[in-house]
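> Got a structure here, written out as C-alpha cells. Questions coming.
The values are calculated or read from the model by the stated rules, or taken from the named source; none is laboratory data. Keep in mind that this is a model prediction, so the values were computed, not measured. For neighbour counting, all protein chains shown are included, and Cβ atoms are generated from backbone atoms with ideal geometry for every residue, glycine included. Quick note on the areas: whole protein, heavy atoms, side chains included, nothing else; ligands and nucleic acids left out. Shrake-Rupley method; radii C 1.70, N 1.55, O 1.52, S 1.80 Å.
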Amino acid sequence: MKVLEQMQSYGHERVAFHQDTKTGLKAVIAIHSTTLGNALGGTRRWAYASESDALHDVLRLSEGMTYKAAASGLAMGGAKSVIIMPNPGQQPTEAEARAMGRFVDTFAGKYIAAEDVGVSPQYCDWMALETKHVMGGNTVSHGGDPSPYTALGCFNSMKACLVHLGRKPEFSQLTVAIQGCGATGYRLAKLLRSAGAAVLVTDVHVPTMKRAVEELGCVALGNDKNLFEEKIDILAPCALGGMLDAKTIASLNCQIVCGTANNQLAHPSTDGETLAKRGILYSPDFVANAGGLIRLAGLYLGMSEAEIDQKIVDIEATTLDVLREANGGSTSTAAINYAKRRIAEGAASKQLVGAGKCGSGCGCH
Ligand code: NAD
C-alpha cells in the first residue's frame, strides 16, 4: 500500500490504523491538515473491496475536508475516518461504535468525528459515550443530522451556477437529475420540487427511489435509461464519488453538474479540464456540499444559528467566486487554488498572532 508515500503525495499529517479484537472493528483515521485548526470530518462505514481501497478513500476524503473547511472560511483543518465493514450487510452496533469512539478519543480533540455514509446520529451518540470529540448526535453529542444543511448549500450553489451562465436563479423551467436520493439527495429533490423543477431520480436501492417518486413527485429513470446521457439542465451526483471520468463526461448531456457527493471527479487533475472543454459547468464538490460541515463545525466553534445560516447562504457567493476565477478552465483546480490561498492566509495570520504572543525575537518586548 506504501502508506507513507501516499501520505506524502496527498500531504497528510497523520494516518492511524486501528483494530479492536472484541468487536472486530477495523478503522482508519486520516488527518490531512490542522493548519487552520482541529479537524472535523465524518466517519464512513463501508464494505470496501480491499484495504487499499479504504485507504485511498480516506486519504482523498480527508484532503477534500481540508479544502472544504478552508473554502468555507472555517477555522478548521481536514480529516475523515473510515470503518471497514466485513460485509455490506453488517449491522452497526453500540459496541462497535463505542470502540470507534475510543479510537477517536486517542486524538485528544485534533480529530472530531461525525456522520458520513453508513453512520447515523444514533451511531454518533454511541461513539460519544466514549469521547467528547464527536458531533452530529442528538442526545450524548449534539448537532444532529447535517444532511438538510448540505442539501440547502448545494441548492445555493446551483443558483450560483445559473447566475454564472447568465441565467436567472430560477428552477421552474429546469430539469434536474439526481443520482442517489438518500439523506442529501432526497432533501435536495424536495428543495428543487418546491422551487418548481422537474426532478429525475435514480437510486440503486429501489425503495429509496420510490419514496422520492411517491412523496415528492420525482420521475424515476428506468433501468434502460442512463442518467449520464439524459438530456437535462443540471446533473446532481448525490451518491458515492468517482462517477465523473473521461467516459461519463463524454456522454453528459447537461449544462451544469452540481451535487452533494464527495470526490465526484475520478481524476481531478484531468476531469475538471475535460468538463470545461465540453462546456459543462462543474460546481466543485467541496464548495457545493459544504453546508453540513458548516453546520457541525459552526456549532463546534460556538457560532450562532444566524452566523451558521449566513455561511450556508454564502456558498452561493463562494461558488460564484470560484467559477469566475476558473476563467473558463477547470473549476476543480480553481477551487483547490482558492482553498489553498485561504489556508496560506490563515497560516500567515496565525503566525502574526503567534509572533505577538511568543515573546521572543518578535520585537514585542
Ligand atoms: P446516503 O447513504 O443517505 O445516500 C446515498 C444514496 O445513494 C443511497 O440511497 C444509495 O442507495 C445511493 N446510491 C449508491 N450508489 C449509487 C449509484 N451508483 N447510483 C444511484 N444511487 C446510488 O448518503 P448521503 O448522506 O446522502 O451522502 C451522499 C454523498 O454526499 C456522499 O458522497 C457523502 O459523502 C456526501 N456528503 C454528505 C453529506 C451529509 O451531510 N450527509 C455532507 C457532505 C457530503
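> In the range 1-73, what is the volume of the convex hull around the alpha carbon atoms, normalised per residue and reported in Å³?
98 Å³
> Rounded to a whole number, what % of the accessible area of the chain do carbon and sulfur atoms account for, probe 1.4 Å?
Here carbon and sulfur together make up 51 percent of the probe-accessible area.
> What does the convex hull of the Cα atoms of the range 156-220 come to per residue, in Å³, rounded to a whole number?
Enclosed volume per residue, from the Cα hull, is 71 Å³.
> Here is a follow-up. Please list, or write none, the lysines whose alpha carbon is within less than 27 Å of the alpha carbon of K311, excluding same-chain residues fewer than 8 places away.
Within reach: K68, K80, K110, K132, K159, K168, K190, K340, K350.
> Something else now. Suppose a student asked you for the relative contact order of the chain, using Cα pairs under 8 Å spaced at least 6 residues apart; what percent would you report?
Result for the chain is 15 percent.
> Additional query: Ratio of Rg to Rh for the chain, alpha carbon only, Kirkwood?
For the chain, the value is 0.97.
> To one decimal place, what Kirkwood hydrodynamic radius in Å is obtained for the range 297-356 from all pairs of distinct Cα atoms?
Computed over the range 297-356, the radius equals 13.5 Å.
> May I pose another question? Keeping every protein chain in place, order I84, I312 by accessible area at 1.4 Å, biggest value first, i.e. largest first.
I84, I312
> Kindly report, to the nearest 10 Å², the accessible surface of E345 as traced by a 1.4 Å probe over protein heavy atoms only.
Accessible area of E345: about 110 Å².
> Would you mind counting up the charge near L293? Only other residues with Cβ under 15 Å from its Cβ, with Lys and Arg at +1 and Asp and Glu at -1.
-2
> Of E130, E273, E214, which has the most accessible area with a 1.4 Å probe, and how do the rest follow in descending order?
Descending order: E214, E273, E130.
> Moving to a separate point now. What accessible area, in Å² to the nearest ten, does a 1.4 Å probe give for F171?
10 Å²
> For the chain, what does the accessible surface come to per residue with a 1.4 Å probe? Please give it in Å².
It amounts to 43 Å² per residue over the chain.
> With charges only on Cβ, +1 for K and R and -1 for D and E, what is the dipole size of the chain about its Cα centre, in debye, rounded to 20?
440 debye
> Taking the alpha-carbon centroid of each part, what is the distance from the range 273-346 to the range 115-180 in angstrom?
14 Å
> Moving on to the next point. With an 8 Å Cα cut-off and a minimum separation of 6 or more residues, compute the relative contact order for the range 3-127 in percent.
It rounds to 31 percent for the range 3-127.
> Assuming a viscosity of 0.692 mPa s and a temperature of 37 °C, what translational diffusion coefficient in µm² per second does Stokes-Einstein assign to the range 3-127, Rh being the Kirkwood radius over Cα pairs?
After rounding, the answer is 230 µm²/s.
> Only helical DSSP H runs with n ≥ 4 go in: add -39500 (n - 2.57) per run for the chain, normalise by residue count and round the 222 nm mean residue ellipticity to 500 deg cm²/dmol.
-14500 deg cm²/dmol
> OK, next. In whole Å, what three semi-axes, largest first, describe the equivalent ellipsoid of the range 116-184 built from its Cα gyration tensor (square root of 5 times each eigenvalue)?
35, 12, 8
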